[in-house]
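Colleague: This is the structure, below, for whatever I ask next.
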Amino acid sequence: MRAVPVDDKMTVAIKKVGVIGSGQMGNGIAHVAALAGFDVVLNDVSGDRLKSALATINGNLTRQVAKKGISETERKQALDRITSSETLDALADCDLVIETAVEKEETKRKIFHEVCAVLKPDAIVATNSSSISITRLAASTDRPEKFIGIHFMNPVPAMELVELIRGIATDDTTFDTAKAFVAKLGKQVAVSEDFPAFIVNRILLPMINEAIYTLYEGVGNVEAIDAAMKLGAHHPMGPLELADFIGLDTCLSIMQVLHEGLADSKYRPCPLLVKYVEAGWLGRKSQRGFYDYRGDKPVPTR
Ligand SMILES: CC(=O)CC(=O)SCCNC(=O)CCNC(=O)[C@H](O)C(C)(C)COP(=O)(O)OP(=O)(O)OC[C@H]1O[C@@H](n2cnc3c(N)ncnc32)[C@H](O)[C@@H]1OP(=O)(O)O
Ligand SMILES: NC(=O)C1=CN([C@@H]2O[C@H](COP(=O)(O)OP(=O)(O)OC[C@H]3O[C@@H](n4cnc5c(N)ncnc54)[C@H](OP(=O)(O)O)[C@@H]3O)[C@@H](O)[C@H]2O)C=CC1
């Protein structure tokens, strides 16, 4: 990892943070930003999603209180710092906006087009994309020099790392401000160049895809593959359990970006992954993936 010293010399002040998309990553980013003292506006197209995101944040903060990580007052103050909105207008006075909607380039481009129209000219715009070119996304905004990839890991409150990815036009002030923001969240930075899927997913997703091929070819069943990697390689989660945790739609999108972006057949998404996504079996978030989560405990689906 390239060590990045924190240096406030070239940063702009961030007080209010907008988070677009309130799925598992959006609620995690809102959680850690509010806990670090930032005012947060959480946006989603779905009011139900926003309600459930706030409930999840409260549940995770409550767990942190129970584990004595934070005080009851800190939990309450963090929750009070988060407001939610179904429209992008509410982000007008944000200093930094982090887009974390679905991993679809068209959706992201549309969001950037709409949100830039309401933001202050000097607001920084970031994406939590897992794989898509930062330079290309930046080009869909009116401020490529103030655009950057701030890529959090899942689950956000527990993972130490954030990848920072500059697009070709990202200026030093934007980079240094993002670096200082990540440091205020208590997380470490790894700087990645703007290549498909950056560092973590360039390495992790082909491993997950290979685990799915291992299942597809009948080398082992779901339980055997996950046990092999947990007990045989000391991974905290088996690769299929982790795929379900990330979301199979997101895993497939990342493999497609790798396959198209690097034009190498070694990144071909496993047909079984495609089939699960086509079935709507997206992992934990849809209650079914390589495991079925509808009962008391997860049951392998193959
Ligand atoms: C796809 C991408 O673009 C990039 C990615 O994110 S790839 C995915 C990267 N993430 C991983 O690889 C996760 C691998 N799994 C793990 O590291 C662990 O299983 C785990 C951290 C998720 C859980 O660890 P564990 O020891 O089984 O559980 P537990 O002791 O209960 O939790 C550890 C911490 O995680 C937190 N946590 C666990 N699950 C959580 C969740 N779903 N949401 C929020 N916080 C969670 C707990 O509160 C706890 O926090 P503290 O240390 O502050 O108390
Ligand atoms: N899952 C992971 O492990 C990681 C994911 N990421 C990245 O984070 C992003 C989000 O992933 P994740 O949280 O897992 O996905 P989720 O599917 O959990 O959440 C995405 C959320 O975005 C909402 N959404 C869709 N379109 C819009 C829109 N136009 N405006 C606002 N909100 C919208 C969705 O609503 P609805 O469901 O109603 O469409 C949903 O609530 C992706 O880019 C992903 O690659 C990054 C790191 C790790």
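What follows draws every value from the coordinates through simple rules; no lab data is involved. Please read these numbers as outputs of a predicted model, since none were measured by experiment. Counting neighbours? That spans all protein chains shown, and the Cβs are built from the backbone with ideal geometry, glycine included.
Colleague: So, with +1 on the Cβ of K and R and -1 on the Cβ of D and E, and no other charges, what is the size of the charge dipole of the chain about its Cα centre, to the nearest 20 debye?
Modeller: Approximately 620 debye in magnitude.
Colleague: Okay, moving on. Can you tell which of 279, 197, 36 shows the greatest fluctuation in a Gaussian network model of the chain with Cα springs below 10 Å?
Modeller: Per the Cα network of the chain with a 10 Å cutoff, 279 tops the list.
Colleague: Quickly estimate the mean residue ellipticity at 222 nm for the chain, helices only: each DSSP H run with n ≥ 4 gives -39500 (n - 2.57), and the total goes over all residues, rounded to 500.
Modeller: Helix-only estimate at 222 nm: -13500 deg cm²/dmol.
Colleague: For each pair in 104/285; 104/230; 51/76; 68/146; 104/187, compute the distance between the two Cα atoms and list the pairs where it is over 28 Å. Can you show the working numbers first?
Modeller: Details: 104/285 17 Å; 104/230 31 Å; 51/76 17 Å; 68/146 38 Å; 104/187 26 Å.
From the list (104/285; 104/230; 51/76; 68/146; 104/187), the Cα-Cα distance tops 28 Å for 104/230; 68/146.
Colleague: Below 8 Å between Cα atoms, with a sequence gap of 6+, how large is the relative contact order for segment 120-246 in percent?
Modeller: Working: 174 pairs, mean separation 24.0, N = 127.
Across segment 120-246, relative contact order equals 19 percent.
Colleague: Order the peptides 77-89, 97-109 from the highest to the lowest mean number of other Cβ atoms within 10 Å of their residues.
Modeller: My ranking of the peptides, most packed first, is 97-109, 77-89.
Colleague: How many percent of DSSP beta bridges within the chain run antiparallel, rounded to 5?
Modeller: Close to 25 percent.
Colleague: Continuing with the same structure: How would you order 153-164, 128-139, 198-209 from highest to lowest mean count of nearby Cβ atoms within 10 Å?
Modeller: Highest mean packing first, the order is 128-139, 198-209, 153-164.
Colleague: How far is helix 47-66 tilted off the main Cα axis of the chain, in degrees rounded to 10, range 0 to 90?
Modeller: 90 degrees
Colleague: Remind me, relative contact order of segment 108-174 in percent, using alpha carbon pairs under 8 angstrom and six or more residues apart?
Modeller: Normalised by residue count, the contact order of segment 108-174 is 32 percent.
Colleague: For segment 146-226, take every pair of Cα atoms, bin their distances at 5 Å starting from 0, and report each bin as a whole percent.
Modeller: Over segment 146-226, the share of Cα pairs per 5 Å bin runs 3, 14, 20, 17, 15, 11, 8, 6, 5, 2, 0 percent.
Colleague: State log₁₀ I(q)/I(0) for the chain at q = 0.10, 0.14, 0.15 Å⁻¹ as given by the Debye formula over alpha-carbon point scatterers of equal weight, solvent excluded.
Modeller: -0.55, -1.09, -1.24
Colleague: Once you put a point 7 Å from the Cα of residue 122 and another 7 Å from the Cα of residue 79, both along the Cβ direction, what distance in nm separates them?
Modeller: 3.5 nm
Colleague: Let me ask you something else. R0 = 22 Å: FRET efficiency of residue 292 with residue 217, Cβ-based, nearest 0.05? Please list the in-between numbers first.
Modeller: On the way: r = 22 Å, r/R0 = 1.00.
Working from the Cβ atoms, E equals 0.50.
Colleague: If the elastic network links every pair of Cα atoms under 10 Å, which of 262, 96, 54 fluctuates the most in the Gaussian network model of the chain?
Modeller: Among 262, 96, 54, the largest mean-square fluctuation in the Gaussian network model of the chain belongs to 262.
Colleague: Would you mind calculating the relative contact order of the chain from Cα pairs under 8 angstrom and at least 6 residues apart, reporting the percent as a whole number?
Modeller: Over the chain, the number comes to 15 percent.
Colleague: Between residue 72 and residue 102, how high is the FRET efficiency from 1/(1 + (r/R0)^6) when r is the Cβ-Cβ distance and R₀ = 35 Å? Nearest 0.05.
Modeller: 0.50
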